[in-house]
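The values are calculated or read from the model by the stated rules, or taken from the named source; none is laboratory data. Please read these numbers as outputs of a predicted model, since none were measured by experiment. Ideal geometry is used to build each Cβ from the backbone, glycine not excepted, and the neighbour counts take in all protein chains shown. Keep in mind that these areas ignore ligands, DNA and RNA; they rest on the heavy atoms of the full protein, side chains included. Shrake-Rupley method; radii C 1.70, N 1.55, O 1.52, S 1.80 Å.
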Amino acid sequence: MPLTLIPIALFALAFLGFTVVLCVRVARMDELPRWRRFLPALLLCAALATSTGRAWGVTAAAEAVAFPLSAATALLGMYEVDRRRRRERPADAV
């Protein structure tokens, strides 16, 4: 394994950890409807499933779908966390 792949692998692991933490935080938001609480987790599962398709030689689907689903997971999770933070902040604290 070339030495340049190590930072890429570390970034991928950090991004995976970040998205898992976001999915857990969003899933714990009781004020959201059930489908919106688990949508980031479902997107992450779909991204991981398509990404593991590379092991069986299905690289076209993994290249086309895995990264956009991972990015959508992170963006949706950050949106929900930010939206909750804005709702809970008092109006005079702006």
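The table for this structure:
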item: Matching entry among L3, L10, L32 (being loosely packed, with under 12 Cβ neighbours inside 10 Å, hydrophobic (A, V, I, L, M, F, W, C) and not in a helix (DSSP H, G or I)); result: L3
item: Pairs where the first residue, in the range 78-91, is at negative phi and the second is of a type outside the set (D, E) and open to solvent by 90 Å² or more (accessible area, probe 1.4 Å), C-beta under 7 Å, 6+ apart; result: V81/R25
item: Cross-chain or 6+ apart pairs with Cβ under 6 Å, the range 48-67 first and among the charged types (D, E, K, R), then surrounded by 13 or more Cβ atoms within 10 Å (Cβ to Cβ); result: R54/A62
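Listed here are the residues, each with its yes/no results for (1) modelled with pLDDT under 95; (2) part of a helix (DSSP H, G or I); (3) open to solvent by 50 Å² or more (accessible area, probe 1.4 Å).
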position: F15; (1), (2), (3): no, yes, yes
position: C23; (1), (2), (3): no, yes, no
position: V26; (1), (2), (3): no, yes, no
position: A41; (1), (2), (3): no, yes, no
position: S51; (1), (2), (3): yes, yes, no
position: A66; (1), (2), (3): yes, yes, no
position: T73; (1), (2), (3): no, yes, no
position: M78; (1), (2), (3): no, yes, yes
